Each structure stands twice: as C-alpha cells, then as structure tokens.
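Visitor: Have a look at the structure that comes next, please.
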Amino acid sequence: QQQNAHKLVKTGQLNFAVGGWVMPDEATVDYPDLINTMSLGHEWLYDTFSGVRVRHGFQVDPFGASSAFATFSAKLGFETHLVARLNYYDKGWMQDNKELEFVWRPSPSLYASPDRTEIFTHIMDQYQYSAPGIPTEVQLAELCAPPHNRTD
C-alpha cells in the first residue's frame with residue numbers, strides 16, 4: 001500500500017490539501033498553532049514522499065471562511081483554495097450570480113506589496129448538510145428559518 005501511495009503521488013494522481021499535522025482552526029486563526037501544525041505536516045509529507053509540496057488549501061468546516069487563513073495559504077505557496085462552508089445567504093447569492101470561483105485578495109495591504117498576495121478560490125456548490133438538487137431558496141428557507149417560523 002505504501003508503494004502504491006508513493007507511485008500515485010509521483011505520477012500526480014494523489015495530491016494533498018492543506019497538509020497540516022492536524023486540521024487547523026481556520027475561522028479563528030492562532031498563528032503559532034497554525035505555523036506549528038503546518039510545519040510538522042509539510043515536513044512529514046516532504047520527507048515521506050520525496051520532496052512533495054502541498055499546493056492546495058481547503059477550509060473544510062470553519063463556520064466562516066477566514067481571510068487570515070486564505071492569506072496564510074497564499075503565503076505558503078498554495079495555488080488554490082477551496083471553501084466548503086460559509087454563510088448560507090452569501091453562498092446562495094454566489095450561486096445565483098455564478099461567482100463561486102474568484103481570485104481572493106484577502107489582504108489589501110499584502111496585495112499592494114511586491115508579492116501581490118492572492119489565491120484562486122472555489123466555493124463548493126452544494127450546502128454541506130443537505131442533499132444535492134434541492135433548490136437554493138428551499139435550502140435557505142429550511143436552513144436559515146428561525147425556529148418560531150418552522151411548521152414541522
């Protein structure tokens with residue numbers, strides 16, 4: 001199995017997202033903890049898979065996408081950034097306006113610097129806790145309705 005994993009990595013059929021030793025808290029970024037987990041994880045991947053570098057960031061379930069984590073991902077050299085969950089109304093607007101992919105410039109001051117910190121970002125289309133194919137307005141009505149408005 002280890003040989004198969006090494007072969008898949010070498011041929012580009014297997015990539016790693018984020019690559020931290022553990023999944024960091026992306027919403028309330030604590031820089032020392034983030035640097036520590038990323039350093040440990042990236043070092044292990046580099047040593048284990050003969051120089052592999054992580055190229056993709058992923059905010060899996062942060063209760064809100066964080067510009068701090070996006071900035072950190074860009075500074076780590078990630079090429080892409082995937083966000084799984086954000087405010088349902090914001091995601092609904094992005095779906096309706098076909099703006100689920102964009103170049104995120106998470107820090108105006110860092111974007112103005114010579115390295116122009118930015119990262120290509122994709123927001124996952126489906127809502128995390130619902131079934132595919134349910135219209136946006138139905139999902140929003142169900143997921144965001146105050147309890148006193150519910151009829152079930």
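Visitor: Here is a list of conditions, (1) at pLDDT 80 or above; (2) assigned to a loop (DSSP other than H, G, I, E, B); (3) of a type in the set (Ser, Thr, Tyr), and Thr151 meets all of them except one; can you say which number that is?
Guide: Just one mismatch for Thr151, condition (1).
Visitor: Do you know which residues across region 105-140 are of a type in the set (A, V, I, L, M, F, W, C), part of a helix (DSSP H, G or I) and at pLDDT 70 or above?
Guide: Residues satisfying the conditions are Leu110, Ala112, Val138.
Visitor: So which residues in region 81-93 are open to solvent by less than 30 Å² (accessible area, probe 1.4 Å) and over 16 Å from the mean Cα position of the chain (by Cα), if there are any at all?
Guide: Gly92
Visitor: Moving to a separate point now. Confirm whether Leu8 is open to solvent by 40 Å² or more (accessible area, probe 1.4 Å), under 29 Å from Ser66 (Cα atoms), modelled with pLDDT of 90 or more and not in a loop (DSSP other than H, G, I, E, B).
Guide: So Leu8 fails the test.
Visitor: How do the pairs read when you match residues in region 66-87 that are on the phi > 0 side of the Ramachandran plot with residues anywhere that are at pLDDT 85 or above and outside any strand (DSSP E or B), using Cβ under 8 Å and keeping only pairs 6 or more apart or on different chains?
Guide: So the pair list comes out as Gly77/Arg53; Gly77/Arg55.
Visitor: Out of region 30-61, which residues are β-branched (Val, Ile, Thr) and within 15 Å of Gly77 (Cβ to Cβ)?
Guide: Matches in region 30-61: Ile35, Val52, Val54.
Visitor: I'd like the residue in region 16-67 that is at pLDDT 90 or above and in contact with an Asp or Glu (Cβ under 8 Å, 6 or more places away or on another chain) and, out of all such residues, is least open to solvent (accessible area, probe 1.4 Å).
Guide: Filtering first and then ranking leaves His56.
Visitor: Continuing with this model, one more query. Inspect region 89-102 for any residue being without any contact (Cβ under 8 Å) to a residue 40 or more places away in the chain and touching a helix residue (DSSP H, G or I) at 6+ places or on another chain (Cβ under 6 Å) and give the result as yes or no.
Guide: Yes - at least one qualifying residue is present in region 89-102.
Visitor: Sticking with this one: Within region 68-80, is there a residue that is open to solvent by 40 Å² or more (accessible area, probe 1.4 Å), assigned to a helix (DSSP H, G or I), modelled with pLDDT of 85 or more and within 19 Å of Ile35 (Cα to Cα)?
Guide: Initially, region 68-80 is screened for residues open to solvent by 40 Å² or more (accessible area, probe 1.4 Å), giving 75-77, 79-80.
Remaining after also requiring assigned to a helix (DSSP H, G or I): 75.
Next, from what is left, pick out any that are modelled with pLDDT of 85 or more: 75.
In the following step, the residues that additionally are within 19 Å of Ile35 (Cα to Cα) were identified as 75.
Yes, region 68-80 has at least one match.
The values are calculated or read from the model by the stated rules, or taken from the named source; none is laboratory data. Since the model is a prediction, treat every value here as computed from it, not as a measurement. Neighbour counts are summed over all protein chains in view; Cβ atoms, including those assigned to glycine, are modelled from backbone coordinates with ideal geometry. Note: accessible area is taken over every heavy atom of the protein model, side chains too, but ligands, DNA and RNA are not part of it. Shrake-Rupley method; radii C 1.70, N 1.55, O 1.52, S 1.80 Å.
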